[in-house]
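Engineer: Dropping a structure here in structure tokens format, bear with me for questions.
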Amino acid sequence: MTIVVNSTDAKRNLGGLIDSARTDTVVIERFGRPVVVLVDYDRFQSLEKQATPPKRQLGAFKHIPLNIEEFMATPVPGMEEYE
């Protein structure tokens, strides 16, 4: 369930909203627009894990050069015979 309150009511009843946020999502509005959300900390951690992109999977590339000099100095596997 989602509970929606304005910021003035949220200030007056913060303790109650914290208790509510343990089981429900609490949306706090300012001037009729949602601004922040209170969620249980375990739910927050779960959402944060879902939002964190996995580490880059570069396949054969172990390193991506940062500048042109580093790029030009990076050996290309299989090209040794042309040097």
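Rule-based calculations on the coordinates, nothing more; no lab input. Quantities reported herein were computed from a predicted structural model and do not represent experimental measurements. Using ideal geometry, Cβ is built from the backbone for each residue, glycine included, and neighbour counts are taken over all protein chains shown.
Engineer: Can you tell me how much longer the chain between TYR41 and ASP24 gets when fully stretched, taken as 0.36 nm per residue apart minus their C-alpha distance, in nm with one decimal?
Structural biologist: 4.9 nm
Engineer: Tell me the net charge near VAL39. Cut-off is 11 Å between Cβ atoms, VAL39 excluded, with +1 for each Lys or Arg and -1 for each Asp or Glu.
Structural biologist: Counting the neighbours of VAL39, the net charge comes to -2.
Engineer: If I model a spin label at THR2 and ALA51 as a point 7 Å from the Cα along the Cα→Cβ vector, what separation in nanometres do I get?
Structural biologist: 1.5 nm
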